[in-house]
Structure formats: C-alpha cells, structure tokens
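Engineer: The structure under discussion is supplied below as structure tokens; questions concerning it will follow.
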Amino acid sequence: MDVSQVLQGKPMDPGAVITAGGVNFTLFSRSATRVVLNFFDSPAAKAPGDRIELDPQKNRTGDMWHVFIKGLKSGALYLYQIDGPYNAEEGFRFDFNKYILDPCAKAFTLGSLFRSYNRQRKSGLPGIENGDLFDLSDFQKCVVVDDDDFDWQGDRPINRSLNESIIYETHLKGFTKSPTSGVTAPGTYKGFIEKIPYLKYLGITAVEFMPVFEFDEFENTNSNPRTGGRLVNYWGYSTVGFFAPKASYAADKLPGGPVHEFKEMVRELHKNGIEVILDVVFNHTAEGNEHGITYGFRGIENSVYYMLPQDQKQFYSNYSGCGNTVNCNHPVVRSFIIQSLRHWVLDMHVDGFRFDLASILSRSQTGSLLKFPPLTNTIAEDPILADTKIIAEPWDAGGGYQLGSYPGGTKWCEWNGRFRDDIRRFIRGDEHTSTEAATRMAGSSDLYKSSRRKPVNSINFITAHDGFTLNDLVSYNSRHNDENGENGRDGTDDNFSYNNGYEGDSVNPRIMTVRERKIKNYIICLMSAQGTPMMLAGDEMMHTQRGNNNAYCQDNEISWLDWHDCDRNKGILHFTKIMIQLRKDHPVFRRNDFFSGSSGINWFDREGKVPDWSKMNRFLSFRLNGDACCPVDNKIDNDFYIAFNTDIYDLTLVLPSLTNGKKWYRIADTSLNSPDDICESGKEELLMEQLRYVLLSDSAVLLMSK
C-alpha cells in the first residue's frame with residue numbers, strides 16, 4: 001500500500017472520504033496533542049505496515065485533524081492512535097498505547113475488540129494501561145469505503161404512509177440462521193434476500209431490523225450454566241460503529257463486502273415494496289463505564305461524547321443502564337448523530353429509524369429532560385430526513401418516561417407501551433380492563449390528541465424482541481431465563497402473561513385450543529386497532545423462546561426462527577396473513593384522525609346497547625362505520641363489528657342493526673378451528689341469524705356488512 005504521498009488535507013465531513021485522486025481523513029479531537037494514522041496490509045495484520053503522524057501545524061484546523069493520502073483507494077485498512085492528557089478526575093482518558101477506531105468508519109473488518117483486549121489482559125503482556133502496543137491480529141480495522149461504488153438500479157425511497165404500513169420487527173441473523181430456513185447463506189444479508197418472497201406472502205410492508213450497526217458480540221463474558229457454553233451479545237444493543245453495517249452479518253467477508261451486501265438487500269427489499277427501518281442505539285456505546293475498554297469516543301474526547309457527573313468526572317452518568325450515556329445534546333455529538341442518520345438515508349437508502357431508549361436523546365448535557373431538546377427537534381426538522389420514518393422508544397433506564405409526550409414535534413412516532421400492556425391484560429381476562437382496551441383500539445387519543453399528533457403516531461405492538469413471544473405470552477406465567485447466566489435475575493416480571501393451565505409446551509388439546517384462540521384474539525386486536533401495527537417476527541408461526549423473555553445473549557435455537565413452524569402452525573400463519581390483508585384492503589382500520597363522537601365508531605354492551613363503562617367487564621364490542629370512517633382516500637367502506645369475550649363463560653350477543661338491506665357476514669371467529677376460523681376476501685359467510693351471535697369464551701368475532 002502506497003501512502004508516501006501525504007498532503008495537508010481539509011476538514012471535510014468526518015471519516016475517510018474518497019475524493020478525486022485519493023482519500024481525505026478527518027477526525028474531531030479538541031484536546032488531543034498527537035494523532036497517528038496507521039495503515040494495515042491485511043485484516044489479520046499483527047502490526048501496522050505504514051504510519052503517518054499528523055502535524056498539528058499543518059494537519060489541524062480548529063478541533064479537526066485532517067490529512068489527504070494521494071492515490072489511496074477503497075479497501076484500505078486503518079486505525080488511529082491519539083495522545084493527550086490522562087486525568088480521569090477531569091474527564092480526560094487519552095492513551096496513546098491504545099488503538100482507536102474512526103467513529104465515522106463506514107466498514108470494519110471481522111474480528112473482536114473485546115477478545116483482543118481480554119486476551120491481552122490474561123496474557124499479562126503490556127499494552128492495556130501502558131507499555132507497548134499489542135498484537136492486532138484479531139482487532140477490528142476500519143475500512144475505506146467508496147459510497148458510489150454500487151449500482152442502485154434506480155432505487156428510490158418508497159415513502160409509504162404510516163397508515164398503510166405493517167411493520168415486522170426481526171433480528172437479521174436469527175431470521176435465517178437456522179438450517180430450517182433453507183437459504184444458501186444463513187444468518188446474512190444475502191440470506192435475508194432469499195426470504196423476501198415469504199415477507200411478500202405474509203403482506204408486511206416494512207422490516208424493522210434489530211441493531212445492524214457494527215457491534216461486538218464477544219463483550220458478553222457470561223456462560224450458559226446449563227451447557228457451559230460462552231454467551232454473546234446477540235441482540236447488538238451496544239454500538240461500536242455508527243456508520244458501518246455489521247461485518248459478520250455478510251456472506252462476503254472481504255473488506256467492504258458487508259456494505260455492498262447490505263445495499264443489495266435494501267435494493268431488493270425496495271423492489272418488492274418493503275421498506276427498511278433500523279433500530280439504532282445512540283444512547284450508549286460498548287466502551288462501558290470507568291472499568292470498560294477504550295477503543296473510540298473515550299480515547300478521542302471523552303468529556304464531549306459522554307455525560308460525566310460534573311463533580312466526579314472519573315465516572316459516567318448511566319441513564320442507559322449499560323454503563324455510560326452518550327452526550328447527545330452536545331453540539332458536536334448532535335452533529336455526529338445527524339451525519340450518521342444522513343449516511344444511512346443517503347448512502348444506504350434506508351427508510352426509517354427506531355431510536356432505542358430515546359428519552360436519552362432528550363436529556364441535557366447534565367442529564368435533565370428537556371422540553372425542547374435540540375437533537376430531537378433537529379432530527380424531526382432535518383431536510384435530508386424529511387421523508388424518513390422516526391420512531392422513539394419513549395423511555396430510558398434513568399426514569400425518563402415520555403410516552404405520549406415525546407418532544408420534537410408531530411413527526412415523531414412512539415412505541416406505545418400502554419397498548420401492549422392494556423391489550424395483554426384485557427385478552428388475558430383481567431377484570432375491568434375493557435375501558436383501557438377500548439381506548440387503545442380507538443387509537444390512544446388520551447396519549448396523542450393533545451399534542452396534535454395522529455393515530456398513526458402510535459406504534460401499536462403486543463410483543464417485541466424485549467419480552468415474551470406471542471406463543472410464550474399464552475404459555476408461561478413467569479420468565480425462564482436461567483440459561484442467560486445471570487441467575488434468573490434479568491428480564492421483567494411484568495409480562496401480563498398466562499399459561500392457560502400448564503407452564504410451557506403442552507400436548508393437552510384443551511389447553512392448546514385456548515392458547516390458539518388467544519393468539520388469534522391478539523392478532524385481531526393488533527390488525528384492527530387504529531394506529532400503526534408492529535408485529536414480532538415468528539409470532540405468525542408461533543415461535544417460542546421456551547419462556548426466556550430476555551434472550552439478548554442466546555445466539556442459538558432459542559432465538560432463531562424454526563421454519564418448520566410454518567407447517568406445524570399453518571393455521572395461525574394463515575390467520576395472520578388474512579388479517580394483514582384485511583387491514584390493507586379496508587381504510588376503516590387506518591384512519592388519519594381520531595374519532596369524533598359516534599360518527600365513526602359505536603360501542604355496545606352484550607345486549608347491543610350503549611355500554612355502562614363502569615360495568616363493562618371482560619367484554620368489548622364496537623362497530624366501525626364505513627361511511628364516516630374513511631378519511632384515508634374518501635371512499636365509503638363496509639361497516640365492521642368486532643367483539644371480544646375474555647370471560648370463562650359463553651355469551652349470546654345482540655348484534656347492531658343494519659340499514660339499506662345490508663346483512664352481516666362473518667370474516668373471523670377465533671373459537672373455530674382452522675381454516676374455518678377466518679375467511680378470505682370475497683368468501684365471507686352470511687350469518688343465518690342476523691340479530692344474535694353466540695360468542696364462546698376467550699374468543700373474538702369479526703363481522704362485515706354487505
């Protein structure tokens with residue numbers, strides 16, 4: 001590699017930017033006194049092949065260090081060394097004996113920072129706190145990437161409206177890693193492409209990937225107490241690189257290969273009408289607390305990138321629950337986050353972001369929650385991100401809870417945790433939960449109307465990666481996380497689950513019948529509620545995690561989808577597919593505005609009368625009026641009647657009357673066995689009895705007027 005032609009460079013966009021004739025490197029560091037750029041001949045190189053020391057008189061403008069390497073091309077491998085003051089009490093943690101990743105690197109080689117550091121610690125060799133630099137054979141290197149070296153074939157953003165969206169949350173690796181997936185490259189971007197026909201069959205419109213920003217799965221040092229095997233960071237909520245797709249998720253392991261393969265996946269998903277939303281983690285990093293390792297921000301400008309207690313800067317504020325908190329509303333960090341988001345939109349063509357522990361994004365530099373946070377406002381108003389979907393997980397681990405009040409304007413959507421909890425309690429059969437369930441089904445106006453947001457701002461979900469799967473929600477009373485290596489202490493006890501008579505897998509037909517009914521009840525709730533539905537991958541095929549509600553460390557069959565479940569549970573799969581299509585076909589389920597009075601919705605008790613909500617218990621029914629409920633496209637839709645009986649007793653319902661010669665047709669009754677439990681479009685069954693309907697216990701019915 002020829003790096004002999006070294007020019008001054010310019011303070012361009014941070015990172016390694018390919019321009020005419022070479023590569024410009026730019027790095028922010030306000031307090032650094034010395035910066036060295038190291039180049040490597042191969043990913044497994046044990047030492048640099050070339051080193052360039054930047055001259056602060058020539059290669060520094062303000063707080064930006066920069067250099068131009070003439071003739072350097074895409075694929076070059078590099079790491080920094082940065083020197084400066086080490087005074088933890090004042091917030092400085094520079095260490096020239098540590099290699100530093102470029103925080104704006106757009107690709108990394110395979111390898112592990114944590115294995116490298118841990119191996120060094122165990123060996124007793126110098127290089128961790130002081131002394132000589134250590135063996136870099138397994139240490140990840142940054143890769144120079146050419147953003148324009150890909151044929152997008154005219155790909156453009158889909159920009160689908162939220163009221164037409166069906167979001168499908170999934171783990172990219174776990175979706176195809178099982179041998180049962182039948183793909184040629186299991187657990188990769190390429191393997192995911194092979195499953196696009198399944199996604200189209202199901203009818204989802206957007207995939208929401210759990211973290212695909214580069215992370216290090218080997219930071220987890222726990223072992224499985226049952227098998228003795230090493231556990232990992234499987235979920236990836238511990239970012240290493242904010243501009244780079246995870247290298248190990250690529251079938252192409254060559255430097256830069258993951259970038260090309262990720263782009264190919266996005267392009268092919270777009271060709272099939274499926275948007276890509278990324279779950280992003282800007283609230284903390286993998287560097288951890290004061291006992292963690294230094295590989296990035298901490299060795300670049302620790303007190304700028306992280307929140308530090310003002311009177312004890314040797315420690316880290318921990319609103320994330322993961323050891324440190326990114327100083328998101330510092331101007332430099334805010335700019336960094338916006339640059340990262342723009343990169344994924346402009347260069348990688350993604351369609352949206354879900355922000356993990358997003359209340360941290362609204363905290364000040366001292367940790368207080370801001371009413372008008374600069375970062376959340378900037379994200380919402382950024383002109384490059386104007387058509388991008390932005391979704392907040394509106395809470396954090398420091399007590400911030402902003403559900404219904406997430407700051408930053410009406411563009412922000414929220415994971416609606418109240419929808420999850422209220423619907424779980426209602427379908428479980430808890431007493432006096434009908435009113436709360438009705439509010440959630442109607443779009444959660446109590447949360448969003450006062451802030452001038454719409455029903456679509458509520459991302460409705462019943463299950464997500466964090467917690468029970470839908471199958472486990474009806475199969476377990478308590479969590480079973482013993483294999484996570486934390487003595488069963490991890491995960492939440494607030495699951496609102498019920499095993500329906502037996503803990504775990506059951507072959508009892510009575511128990512299985514009730515469980516399947518409730519799963520279908522949940523699916524009807526999710527797909528018929530006002531708002532934007534998000535489902536968890538595998539729920540449609542009854543995937544189980546064997547009661548583990550915090551499988552963050554389980555890179556195995558506990559987490560991987562078993563594609564044989566599609567055949568084993570084809571009835572639930574078919575039911576889910578039809579309900580998704582029903583929602584897409586009928587704008588009555590996809591209002592742009594909240595209901596006003598009784599013009600769009602009517603509520604009934606079991607006798608067909610206006611309900612006394614103080615007496616409503618384990619029952620809910622309503623009619624959606626198609627002639628007044630379709631501001632989506634100004635079309636008149638059918639009327640729909642939906643009723644839930646979550647009691648242990650069967651009920652005889654009085655149905656609301658119809659006019660103009662219309663009659664009620666049954667679409668779904670969850671008490672019936674598949675395939676009779678749901679009808680495809682155009683094959684709805686005329687009710688012989690139009691006045692009454694017998695609804696069995698733990699069941700739901702969905703009728704349509706024609």
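The values are calculated or read from the model by the stated rules, or taken from the named source; none is laboratory data. If you're wondering where the values come from, they're calculated on a predicted model, not measured in any experiment. Reconstructed Cβ throughout: ideal geometry from the backbone, glycine too, with neighbour counts over all protein chains shown. Just so you know, the surface numbers come from the protein's heavy atoms only, side chains and all, with ligands and any DNA or RNA stripped out. Shrake-Rupley method; radii C 1.70, N 1.55, O 1.52, S 1.80 Å.
Engineer: Mind listing the phi-derived Karplus ³J(HN,Hα) values for the stretch 581-596, rounded to whole Hz, using 6.51, -1.76 and 1.60 with θ = phi - 60°, and x for any glycine or proline?
Structural biologist: 5, 4, 4, 5, 7, 10, x, 4, 8, 10, 5, 7, 10, 6, 5, 10
Engineer: Roughly speaking, what % of Cα-Cα pairs in the chain are separated by over 41 Å, rounded to a whole number? Before the final figure, lay out the partial values.
Structural biologist: Values: 79860 of 248865 pairs.
Roughly 32 percent, rounded to a whole number.
Engineer: Count neighbours as other Cβ atoms within 10 Å of each site's Cβ, and list the GluC sites (Glu not before Pro) in the stretch 410-478 that are DSSP loop with at most 15 such neighbours. Present the calculation step by step, with values, prior to reporting the outcome.
Structural biologist: Values: sites: E414, E431, E436; in loops: E431.
Qualifying residues, ordered by number: E431.
Engineer: Considering only the other residues whose Cβ falls under 10 Å of the Cβ of Y295, what net charge follows from Lys and Arg at +1 and Asp and Glu at -1? Mind dumping the intermediate values first?
Structural biologist: On the way: positive: K98, R298; negative: D216, E287.
Within the 10 Å Cβ shell, the charges total 0.
Engineer: Right, another one. I'd like the antiparallel share, as a percent to the nearest 5, of DSSP beta bridges with both residues in the chain. Let's see the in-between values first.
Structural biologist: Working: 68 of 94 bridges.
The antiparallel proportion sits near 70 percent.
Engineer: Just report the Cα centroid separation between the stretch 435-488 and the stretch 270-325, whole Å.
Structural biologist: Answer, in whole Å: 26.
Engineer: With a 1.4 Å probe and all protein chains kept in place, how much accessible area does L473 have, in Å² rounded to the nearest 10?
Structural biologist: 0
Engineer: Anything over 18 Å Cα to Cα? Flag those among K577/K683; K570/K706; K195/K520; K662/K683; K449/K520; K10/K70, in the order listed. Intermediate results must be reported in sequence, preceding the final value.
Structural biologist: On the way: K577/K683 15 Å; K570/K706 29 Å; K195/K520 24 Å; K662/K683 16 Å; K449/K520 29 Å; K10/K70 13 Å.
Listed pairs above 18 Å: K570/K706; K195/K520; K449/K520.
Engineer: While we're here: Determine the sum of side-chain charges near F589: Lys and Arg each +1, Asp and Glu each -1, restricted to other residues whose C-beta is under 10 angstrom from that of F589. Don't skip to the end; give the middle numbers.
Structural biologist: Numbers: positive: R583, K584, R590, R591; negative: D585, D637.
Surrounding charge for F589 is +2.
Engineer: Which percent of the accessible heavy-atom area of the stretch 226-382 goes to carbon and sulfur, probe 1.4 angstrom?
Structural biologist: Numbers: 2290 of 4610 Å².
The computed percentage sits at 50.
Engineer: Placing one identical point scatterer on every Cα of the stretch 491-614 and ignoring solvent, what is log10 I(q)/I(0) from the Debye formula at q = 0.15, 0.18, 0.23 Å⁻¹?
Structural biologist: Each listed q corresponds, in turn, to -0.93, -1.16, -1.42.
Engineer: Suppose every Lys and Arg Cβ carries +1 and every Asp and Glu Cβ carries -1, with no other charges. What dipole size does the chain come out with about its Cα centre, to the nearest 20 debye? Walk me through the numbers on the way to the answer.
Structural biologist: Details: 77 positive and 92 negative charges, 197 e Å.
Dipole size: approximately 940 debye.
Engineer: Give me the net charge for the shell around I648: Cβ to Cβ below 14 angstrom, other residues only, Lys and Arg +1, Asp and Glu -1. Please list the in-between numbers first.
Structural biologist: Details: positive: R428, R510, R517, K518, R618; negative: D430, E431, D647, D650, D698.
Overall, the nearby charge balance is 0.
Engineer: Next up: May I ask you to give the solvent-accessible area per residue for the stretch 362-406, in square angstrom, as obtained with a 1.4 angstrom probe? Spell out each step's value before the answer.
Structural biologist: On the way: 1910 Å² over 45 residues.
Heavy-atom accessible area per residue stands at 42 Å².
Engineer: Ignoring everything but the protein chains, give the 1.4 Å probe accessible area of T184 in square angstrom, nearest 10.
Structural biologist: Here the accessible area works out near 110 Å².
Engineer: Taking Cα centroids, how far is the stretch 542-576 from the stretch 178-250 in Å?
Structural biologist: 15
Engineer: Another one. If V507, V3 are ordered by their accessible area, calculated over protein heavy atoms with a 1.4 Å probe, which sequence runs from highest to lowest? Please report the intermediate quantities before stating the final value.
Structural biologist: Numbers: V507 145, V3 15 Å².
Of V507, V3, the descending order of accessible area is V507, V3.
Engineer: Just to be sure I understand the model, the point goes 7 Å from the Cα along the line to the Cβ. What's the resulting R115 to Q690 distance in nm?
Structural biologist: The answer from the label model is 7.1 nm.
Engineer: At a 1.4 Å probe, what is the % contribution of carbon and sulfur to the accessible area of the stretch 453-554?
Structural biologist: On the way: 1430 of 3140 Å².
The value for the stretch 453-554 is 46 percent carbon and sulfur by accessible area.
Engineer: Taking all protein chains as present, what is the carbon and sulfur share of the accessible area of the stretch 34-118, in % to the nearest whole number, probe 1.4 Å? Intermediate results must be reported in sequence, preceding the final value.
Structural biologist: Details: 1520 of 3180 Å².
Carbon and sulfur atoms account for 48 percent of the accessible area of the stretch 34-118.
Engineer: Put R93, R546, R479, R425 in order of accessible area, largest first, 1.4 Å probe: what do you get? Before the final figure, lay out each step's value.
Structural biologist: On the way: R93 20, R546 110, R479 50, R425 70 Å².
From most exposed to least exposed: R546, R425, R479, R93.
Engineer: For the stretch 416-493, what is the accessible area per residue in Å² when the probe is 1.4 Å? Intermediate values should be presented prior to the final figure.
Structural biologist: Working: 2760 Å² over 78 residues.
Per residue, the stretch 416-493 has 35 Å² of solvent-accessible surface.
Engineer: Right, something else. With charges set only on the Cβ (+1 for Lys and Arg, -1 for Asp and Glu), what does the dipole of the stretch 411-536 come to about its Cα centre, in debye to the nearest 20?
Structural biologist: Numbers: 18 positive and 18 negative charges, 178 e Å.
Roughly 860 debye, rounded to the nearest 20.
Engineer: List the aspartates and glutamates whose alpha-carbon lies under 16 Å from that of K389, not counting same-chain residues fewer than 8 positions away?
Structural biologist: Those aspartates and glutamates meeting the cut-off are E164, E169, E208, E275, D279, D351, D356, E381, E414.
Engineer: Sticking with this one: Mind giving me the nanometre distance, one decimal, between the label points for R568 and S478, set 7 Å out from Cα along Cα→Cβ?
Structural biologist: It works out to 2.5 nm between the two label points.
Engineer: I would also like to ask the following. How large is ³J(HN,Hα), in whole Hz, for each residue of the stretch 67-80 in order, when computed from phi with the Karplus curve 6.51 cos²θ - 1.76 cosθ + 1.60 and θ = phi - 60°, using x for Gly and Pro?
Structural biologist: 7, 10, 9, 6, x, 5, 10, 4, x, 5, 10, 8, 8, 9
Engineer: Any idea of F68's accessible area? Nearest 10 Å², probe 1.4 Å.
Structural biologist: 30
Engineer: Sort M12, M527 from largest to smallest accessible area, using a 1.4 Å probe on the heavy atoms of the protein chains. It would help to have the intermediate numbers written out before the result.
Structural biologist: Working: M12 70, M527 5 Å².
The ranking, largest first, comes out as M12, M527.
Engineer: Give me the 1.4 Å probe accessible area per residue for the stretch 1-113, excluding ligands and nucleic acids, in Å².
Structural biologist: Working: 4650 Å² over 113 residues.
Here the residues of the stretch 1-113 average 41 Å² of exposed surface.
Engineer: Now for a separate question. So what is the 222 nm mean residue ellipticity for the chain from helices alone, if each DSSP H run of at least 4 adds -39500 (n - 2.57) and you divide by all residues, rounding to the nearest 500 deg cm²/dmol?
Structural biologist: Numbers: 15 runs with 144 residues, N = 706.
Dividing the helical sum by the residues of the chain leaves -6000 deg cm²/dmol.
Engineer: Please report, largest first and rounded to whole Å, the three semi-axes of the ellipsoid equivalent to the stretch 560-706, where each semi-axis is the square root of five times an eigenvalue of the C-alpha gyration tensor. Please report the intermediate quantities before stating the final value.
Structural biologist: Numbers: eigenvalues 127, 84, 49 Å².
Ellipsoid semi-axes (Å, largest first): 25, 21, 16.
Engineer: Once you keep just the Cα pairs under 8 angstrom separated by 6 or more residues, what percentage relative contact order results for the chain?
Structural biologist: Working: 1650 pairs, mean separation 71.7, N = 706.
It rounds to 10 percent for the chain.
Engineer: Can you spot the aspartates and glutamates whose alpha carbon is less than 16 Å from K663's alpha carbon? Ignore those fewer than 8 places along the same chain.
Structural biologist: D627, D637, D639, E684, E685, E689
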